[in-house]
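Read through the structure below, which is laid out as structure tokens, and then see the notes.
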Amino acid sequence: MKPLVLGYGALALAIICEVTGSAFLLRSEQFTRLVPTLAMGAFYAVAFFFLSQALRMIPLGVAYAIWAGLGIVLTAAVGVVVFRQSLDTPAFLGIALIVSGVVVMQTFSSSSGH
């Protein structure tokens, strides 16, 4: 398998673990609930492990932009779907701008490694 595919696979796993860790962060109720707190720590640790693996093949700036952008989008989606939080029009607009930034960078930048 191509190294870049492995890098983006590791980045995808890192993002999924980070978003899951963030959901457990909310469930931990400011670290007062043991099991969600431990799950949060474990998911964050695994997320950083996979991010470190992705950085072996993807430039830091590119990996971090994708990590942050998709992490924000997916965390917002989890907030809406799982925790029944609402987003207003400016929030949706901001999320759309983040997604468009990641798309522009992946499509037009020679820094992204493709």
Fill in the blank from the handout: Selection from the stretch 12-35 of residues within 26 Å of TYR64 (Cα to Cα) and of a type in the set (A, V, I, L, M) yields ALA12, LEU13, ALA14, ILE15, ILE16, VAL19, ALA23, LEU25, LEU26
Exercise for the section: Restrict the check to the stretch 42-59 and report whether at least one residue is of a type in the set (D, E, K, R) and free of Cβ contacts under 8 Å to residues at least 40 places away in the same chain. Expected result: no
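Any read-out appearing in this document is the output of simple, stated calculations on the displayed coordinates, not a laboratory observation. The model shown is predicted, which means the values in this text are computed figures rather than measured ones. Using ideal geometry, Cβ is built from the backbone for each residue, glycine included, and neighbour counts are taken over all protein chains shown.
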